[in-house]
Amino acid sequence: MDQDRYGARPRWQKLLLGLPPAVLLLLIGGYWTLLSWGVIGDTKSETFSVIGPIIAGFGVALGWVVLQRRH
């Protein structure tokens, strides 16, 4: 069952609240990763090469949780 403390939450509400942050994290993490690799611009930052994939991974994980259906 897909219920929380106050009853069932509609699927559209979960998608509306969860998907935009997931996409934003994925885009920011991907941008930082490509920036640190030198694909975008000339900046090569070791900090972004570590943080970028982690942020992108959180975006993928959040998107996976939001899009998964419960039975």
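With a/c under 1.5 counting as rounded, go ahead and sort the chain into rounded, prolate or oblate using the C-alpha gyration tensor (a ≥ b ≥ c being the square roots of the eigenvalues; past the cut-off, prolate if a/b is larger than b/c, else oblate).
Values: a/c = 4.23, a/b = 3.54, b/c = 1.19.
It is prolate, given that a/c is not under 1.5 and a/b is the larger ratio.
Suppose every K and R has +1 on its Cβ and every D and E has -1 on its Cβ; what is the size of the dipole of the chain about the Cα centre, in Debye to the nearest 20? Let's see the in-between values first.
On the way: 7 positive and 4 negative charges, 91 e Å.
For the chain, the charge dipole is close to 440 debye.
Counting only protein heavy atoms and a 1.4 Å probe, tell me what percentage of the chain's accessible area is made up of carbon and sulfur. Don't jump to the answer; show the numbers that get you there.
Details: 3750 of 5630 Å².
Exposed carbon and sulfur together represent 67 percent of the surface.
For the chain, what is the mean residue ellipticity at 222 nm derived from helices alone (per DSSP H run of n ≥ 4: -39500 (n - 2.57); sum divided by total residues; nearest 500 deg cm²/dmol)? Let's see the in-between values first.
Values: 2 runs with 49 residues, N = 71.
It comes out at -24500 deg cm²/dmol, rounded to the nearest 500.
Mind checking the per residue accessible area of the chain for me, 1.4 Å probe, whole number of Å²? Don't skip to the answer; put the middle values down first.
Details: 5630 Å² over 71 residues.
Each residue of the chain exposes 79 Å² on average to a 1.4 Å probe.
Mind pulling the angle between the C-alpha long axis of helix 46-67 and the longest principal axis of the chain? Nearest 10 degrees, somewhere in 0 to 90.
It works out to around 20 degrees.
Report the extension gain between TRP37 and ARG69 in nm, rounded to one decimal, defined as 0.36 nm multiplied by the number of residues separating them, less their alpha carbon distance.
Numbers: separation 32, 0.36 × 32 = 11.52 nm, distance 3.57 nm.
Stretched fully, the TRP37-ARG69 segment lengthens by 8.0 nm.
The values are calculated or read from the model by the stated rules, or taken from the named source; none is laboratory data. Model, not experiment: these values are computed from the prediction. A quick note on method: Cβ atoms are made from the backbone with ideal geometry, for glycine too, and the neighbour counts reach across all protein chains shown. Each accessible area value is taken on the protein alone, full model and side chains, heavy atoms only, with ligands, DNA and RNA left out. Shrake-Rupley method; radii C 1.70, N 1.55, O 1.52, S 1.80 Å.
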